[in-house]
1. Evaluate the relative contact order of the chain (contact order divided by residue number), counting alpha-carbon pairs under 8 angstrom at least 6 apart; express in whole percent.
2. Using a 10 angstrom cutoff on alpha carbons, build the Gaussian network for the chain and name the most mobile of ALA140, ALA28, ALA150.
3. Helix hunt in the chain: which complete DSSP H runs extend at least 24 Å axially by C-alpha with mean Kyte-Doolittle at least -1.0?
4. Please check: in the Gaussian network model of the chain (C-alpha springs, under 10 Å), which one of SER155, SER217, SER89 has the largest mean-square fluctuation.
5. Going by amide H atoms built from the backbone, whose H comes under 5 Å of the H on ILE153, apart from near neighbours?
6. What is the set of long-range amide H partners of ASN134 at a cut-off below 5 Å, with H atoms built 1.01 Å from backbone N?
7. Based on the mean of other Cβ atoms within 10 Å per residue, sort peptides 35-43, 58-66 so the most packed one is first.
8. Which of SER51, SER136, SER219 ends up with the largest GNM mean-square fluctuation for the chain, with Cα atoms connected below 10 Å?
Amino acid sequence: MSRTVFASMGTMISLLTPGPPPATHVLADVEREFHDRDQRFSLYRADSEISVIARGDLPIVSASRAFRSTLHRASGWEDATRGSFRTRSPDGVLDLSGLVKAEALEAAGNRLLSERVGDWLLNAGGDVLVSGRNGSIPWAVGIVDPLDKAALITSVQLEGQWRALATSGIAERGEHIWGPSGQADFLQVSVLAEDIVTADVLATAIMAGGRQALEASASRWDIDALCVTRDDQMLITPRLRAHVTAPFESGVTDRRSVPDAS
C-alpha cells in the first residue's frame with residue numbers, strides 16, 4: 001500500500017493505491033487540481049478570484065471561464081435542491097466552497113484514470129472517491145461519530161457503481177452549514193453516490209434542509225444516506241445497510257436507534 005499526503009483547501013488530501021505510487025508527474029497533476037481551485041475559490045485568500053469578485057473589483061461577467069463554469073454548476077444544484085444547497089452565505093457573499101472540493105476530487109480522479117491508474121482511493125477531509133479495489137477486497141471507508149471524532153459509527157464498502165462517500169456535519173468544522181430556519185435536524189449527514197459531486201452537494205443540502213431535504217433527495221437522486229439527528233438517533237436508508245462492513249460499535253448502539261430512513 002502506498003500513501004501520498006498533501007495539504008490543500010484547509011484540509012489534508014490523501015491518495016492511497018494498493019501497489020506502488022503513481023508516477024511523479026501524475027501526483028503533481030493530482031495536487032494541482034486542488035491547489036488551483038484553492039487559489040481561485042478560497043475566500044481566505046485576498047488575491048483569489050472569488051475574493052476579488054466579493055470586493056466588487058471584478059464583475060462576474062468578466063470572471064474566468066473556469067470560475068463561471070463552477071458558478072453555473074453550483075447554481076444548477078441550488079435550483080435542483082430548491083435552495084437547500086446555497087451559493088451565497090447568509091450575508092450575501094458568493095461562496096462556492098460547497099462544490100469546489102468535490103470538483104477537485106472529481107478532476108483529480110479523472111486525471112488518475114486518464115493515466116491508467118485503476119485502483120486508488122482519494123480522501124479530502126473525509127470526502128472520498130475511489131476506483132477499482134484495494135487489492136482483492138473493496139475499498140472501505142469509516143464514518144466518524146460527530147460527537148466523538150476518535151470513534152467510528154461504522155464503515156462502508158465502496159464498490160461497483162458506488163464510488164463516492166461524502167460527509168457534512170459538525171465533527172470537523174463545527175456549526176458551519178447555512179440552512180432554512182427550523183430545518184437543522186441533523187448533526188451529520190453521509191451520502192453514498194456514484195459520483196463525488198452528487199454525494200458532496202446532497203450531503204450539504206440534506207444537512208441544511210433536514211428531513212424534508214432528505215426525503216426529496218432520496219426520491220430524486222440515486223443515493224443512500226446515513227444521518228445522525230440532533231437528538232442522537234440515526235436514520236439509514238435500507239440499501240446502505242448492504243454496504244456496511246463493520247457492526248455498529250457497542251457504545252453507539254446502546255444510545256442510538258437505527259430506523260430506516262424513508
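None of the figures in this text is laboratory data; all of them are computed from the coordinates on show. What you see is a predicted model, and the numbers here were worked out from it, not measured in a lab. Note that each Cβ is placed from the backbone with ideal geometry, even for glycine, and that neighbours are counted across all protein chains shown.
1. With pairs under 8 Å counted, the relative contact order is 15 percent.
2. ALA150
3. Working: long enough: 24-41 (26 Å, -1.22); 97-114 (26 Å, 0.29).
Correct list, ordered by number: 97-114.
4. Looking only at SER155, SER217, SER89, the largest GNM fluctuation is found for SER89.
5. Residues meeting the amide H criterion: ILE143, VAL144, ASP145.
6. TRP139
7. In descending order of packing, they fall as 35-43, 58-66.
8. Most flexible of the set in this elastic network: SER136.
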